[in-house]
Amino acid sequence: MESPLLKAVFYILTFGSIAIMFWQFIGPMRFWMKGRKLTYRPKYIKGILTYVVAQRKVMGSRPKEGAPLHLLIFYGFLALLIATTLLAMATYAPLLGIKNWHQGNYYLAYEAIFDALGLLFVAGVLWALQRRYRFAKESIPPMPDPVTGKLNHSKNPITTEWKDYAALYLLLILGVSGYVLEAARISSNPQPWDHFSFVGYGISKLLPGLTPQGYVLIWWQHMVWVWLFFATLPQMRLKHIVVATLTAAGTQESPMGQLPPVAAAEIESGEPLGAAVASDYSRWHLMSLDACMSCGRCTEVCPAYNVGKILNPKQVVQDTHRALRTGEPVAGIVSEEALWACTTCNACVEACPVLIRHVDVIVDARRNLVSEGALTGTATVPLKQIAGTGSAWGQAVNEREEWMTGLNIQLARENAKFEYLFWVGCAGATDPAAVRTTKAFAKLLQKGGVSFACLGAEESCTGDPARRIGDEATFQNQAGINVEAFKKYGVKKVVTACPHCLNTLKNEYSQLGLQLEVVHHTQLLANLVEQGKLKSALPARGKVTYHDPCYLARVNNISDAPRALVGDKTDLDSGAPLFLRELTTEANHNQNLAEPVNKGKKTLCCGAGGGRMWMEEEPNQRPGNRRAEELIATGADTVAVSCPFCRIMLDASLKQISDKEINLVDMAEILQDANS
Ligand code: SF4
Ligand code: SF4
């Protein structure tokens, strides 16, 4: 391009289209800045490397087809971006007195490698287009029915917009026109080494004897598509390329099971807590809302939505986004009914490819409702019971040690020397079925020679139900009591049979300055089995199925240990991409358990979390019923659990939906049977 006028046109349009793109992001940025300042220093580079470069969320996402497809497009796009940047740098290097290095062997390798990588990009876009047409009515393929495993097309209410096709066609045109441009250069100015650009070289055979003017025309048409891409990107789902990158860079990397902290001073001030309006959320949370691509993955997996409740996590994100623009109260736009319907199961958070933390958004809105006195009905029962007795179940303090009768359990207050503190939990000390787990586990610890003690009457509710209902004051009060007890007895290691207690002790007490090593009882038992101190249980093949609790499998990545107790080896907890993990797990490892459709991190919620255990539920809207259907569909006659909350909910659901005699037991009881 020799003409100064054409050069000027090129630079004006290139920088102009980029400026138009950034200008369209300024409006949203102004809204993000209305949020609370961050209380942490983001690790920008780590966030980008983990979530953008390594695509960690995409690797673990469903559906299976979506992950490889996105990886092709992403890495293909990245390769083209790097190729263009290298070319531009080499072209402008002489202005700085550096020789243009785009020649010799480097040039040949550059042409061959980036020609090949560009094919990945085109293939990925073609695959995505084909998938869009195949599922024309849905934004993504529908999830399988939990019982039959068949795709349920009526479940996904999201339709594909014309802009979604336009975005994919634009990407396709960019990829293909890049090759055509290369072919035009080869045709108009052939060189002996052109075959290294093997794709462009092949296409050049279709453009024999192109004139230099023809090449220039093709060059300009390619640039038109590039400018169009920059200028329209913020108007399409493709905007996530920018916003999701910023979201990844600014993420805190806090555990999935950790809610945002509330300063003690805020509670003491007596002012309303949480998010009344959207600007009460942090700037990062507000920015993440803009990364939403309306893909609907969060809604697909929501147990509340899937039993016909008003809660729709995608809608929560979009309504909160709207609340930010209008200034209306969050609870007004999202609706209180939707906010209270959430079980905080984190299925939506796990499914979201752009790191949105729906549970933070929902619980922060609940905090405001609770501090404004809007909580009524049975949800207030556990809060009153915790405040009155220190037990969410309302058990009197002097009854906390009743389960120990005849078991010779050491108590920390009796100057016991111990390695593990066995945290029993409110349910484990009260609910008759959960007490069976507690006793079985204590006997196994004794048989396995583990040094342990309990707090007994000094144990008080962790505060988990209060925190997830939104009563932060009660949570912090409970945490304060327990942290004191841990410090008094120098507790470093904790084992518990309750995944909710595990999550709070492990992930949330650190916000109050206490670091503990917390393990689930199935993990400690699996270790004892591995060391040969206990025998594993080997049930008849297919007779036992296992329900993964959300707060164990999804939130704390513990799925292999419970399975190891019955001799099954899985790699559900490995960091391998989900679509590969599923293939290997399905194919080889399971010997004894009859696995349900949804397992591991993809487990279906029983409906108890987030304080839902104590809230009124329409019998036909119990998430536990859907899970019970899936468990029954395995054909097993024993359902094994590893959470007292799940056990209570599934007991009710199994009885409601089936006349079949189903044995509901904790994994510890199965192991106890094998070792007695
Ligand atoms: S946490 Fe669970 S119940 Fe709540 S919105 Fe997300 S998927 Fe639905
Ligand atoms: S919140 Fe996440 S999972 Fe849900 S629609 Fe938006 S991008 Fe998709």
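The values are calculated or read from the model by the stated rules, or taken from the named source; none is laboratory data. Remember, predicted model here, so these are calculated numbers, not experimental data. Don't worry about glycine lacking a Cβ; one is built from the backbone with ideal geometry, like all the others, and counts go over all protein chains shown. Accessible surface areas use protein heavy atoms only, side chains included; no ligands, DNA or RNA. Shrake-Rupley method; radii C 1.70, N 1.55, O 1.52, S 1.80 Å.
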Which residues, counting only those in region 278-305, are within 10 Å of ligand 1 (Cβ to nearest atom) and modelled with pLDDT of 90 or more?
C298, T299, V301, C302, P303, A304, Y305
Six or more apart or on different chains, Cβ atoms under 7 Å: show the pairs whose first residue is in region 482-504 and under 13 Å from L455 (Cβ atoms) and whose second is assigned to a helix (DSSP H, G or I) and of a type in the set (S, T, Y).
V483/Y509
Selection within region 329-338 - within 20 Å of E617 (Cβ to Cβ) and either away from ligand 2 (no atom under 16 Å from the Cβ) or surrounded by fewer than 16 Cβ atoms within 10 Å (Cβ to Cβ) (or both)
S335, E336, E337
Exactly one of (1) without any contact (Cβ under 8 Å) to a residue 12 or more places away in the chain; (2) in contact with a Ser or Thr (Cβ under 9 Å, 6 or more places away or on another chain) is unmet by G463. Its number?
(1)
Please enumerate the residues belonging to region 636-659 that are open to solvent by 30 Å² or more (accessible area, probe 1.4 Å) and either in the same structural domain as A429 (by TED's automatic domain parsing) or not in a helix (DSSP H, G or I) (or both).
D637, D659
Considering only helices (runs of 4 or more DSSP H) fully contained in region 394-478, which possess at least 3 residues that are out of contact with any Leu (no Cβ under 9 Å at 6 or more places or on another chain)?
425-430, 432-447
Would region 347-354 turn up any residue that is under 17 Å from V262 (Cβ atoms), touching a residue at least 12 places away in the same chain (Cβ under 8 Å), within 16 Å of ligand 2 (Cβ to nearest atom) and crowded, with 19+ Cβ neighbours inside 10 Å?
no
Could you tell me which residue of region 605-624 is farthest from A379 (Cα to Cα), considering only residues that are open to solvent by 20 Å² or more (accessible area, probe 1.4 Å) and not charged (D, E, K, R)?
N620
Show me the helices (runs of 4 or more DSSP H) found entirely inside region 206-285 where at least 3 residues are out of contact with any Phe, Trp or Tyr (no Cβ under 9 Å at 6 or more places or on another chain) and surrounded by 15 or more Cβ atoms within 10 Å (Cβ to Cβ).
212-232
Tell me which of these Q385 doesn't satisfy, since it passes every other one: (1) open to solvent by 20 Å² or more (accessible area, probe 1.4 Å); (2) assigned by TED's automatic domain parsing to the domain that holds S282.
(2)
Inside region 304-328, can you point out the residues that are crowded, with 19+ Cβ neighbours inside 10 Å, of a type outside the set (K, R) and either more than 13 Å from ligand 2 (Cβ to nearest atom) or not in a helix (DSSP H, G or I) (or both)?
A304, N306, V307, L311, N312, A323, L324
Please go through region 417-432 and give me each residue that is open to solvent by 20 Å² or more (accessible area, probe 1.4 Å) and in contact (Cβ under 8 Å) with a residue 24 or more places away in the chain, ordered by number.
K417, F418, E419, Y420, T430, D431
Restricting attention to region 312-329, does a residue exist that is hydroxyl-bearing (S, T, Y), on the phi < 0 side of the Ramachandran plot and modelled with pLDDT of 95 or more?
yes
Take E401 and tell me if it is within 25 Å of V381 (Cα to Cα) and open to solvent by 10 Å² or more (accessible area, probe 1.4 Å).
yes
Restricting to region 388-398, count the residues that are free of Cβ contacts under 8 Å to residues at least 60 places away in the same chain, among the polar types (S, T, N, Q) and buried (at least 17 other Cβ atoms within 10 Å of the Cβ).
2
